[in-house]
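Asker: Pasting a structure below so you can have a look.
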Amino acid sequence: TDDVPLHMWLHPWLNLLRERLQKELFPVIVSKLTIALAQWDARDASAFALLRPWAAVFLESQLEMLASVRILPKL
């Protein structure tokens, strides 16, 4: 319910906690994004805005999973 996007809270901590965030928190975020993208319509550009802040921090495999499961089938 917070008006501040999650990446605004977490990205400042990446230099200090990247490994721990990668192991413990990013899989949860990927799961939540997967759920959010299940409702996404390909005519809506919001998916790009939703994923853009995470492109530089998620593992490539995490982004590929999101794209292959939730984005590519709808295109």
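The values are calculated or read from the model by the stated rules, or taken from the named source; none is laboratory data. Bear in mind the structure is a predicted one, so any value in this text is a computation, not a measurement. Every residue, glycine among them, receives a Cβ derived from its backbone with ideal geometry; neighbour counts consider all protein chains shown. These accessible areas exclude ligands, DNA and RNA; they are computed on the full protein's heavy atoms, side chains included. Shrake-Rupley method; radii C 1.70, N 1.55, O 1.52, S 1.80 Å.
Asker: In the chain, what trypsin sites (Lys or Arg not before Pro) fall in a loop by DSSP, with at most 13 other Cβ atoms inside 10 Å?
Answerer: Hits after loop and neighbour filter: Arg43.
Asker: In addition: Calculate what fraction, in whole %, of the accessible area of the chain sits on carbon and sulfur atoms when a 1.4 Å probe is rolled over the protein chains.
Answerer: 61
Asker: Taking a probe of 1.4 angstrom, what is the accessible area of Ser31 in Å², to the nearest 10?
Answerer: About 60 Å², rounded to the nearest 10.
Asker: Test of understanding: what is the full-extension gain from Ala55 to Arg18, defined as 0.36 nm times their sequence separation minus their Cα-Cα distance?
Answerer: Net length gain for the segment: 11.9 nm.
Asker: Oh, and also: In square nanometres and to one decimal, what's the mean projected area of the convex hull around the Cα atoms of the chain?
Answerer: Result: a mean projected hull area of 5.2 nm².
Asker: Roughly how many Å² is the accessible area per residue of the chain, as a whole number, for a 1.4 Å probe?
Answerer: Accessible surface, normalised per residue, equals 74 Å².
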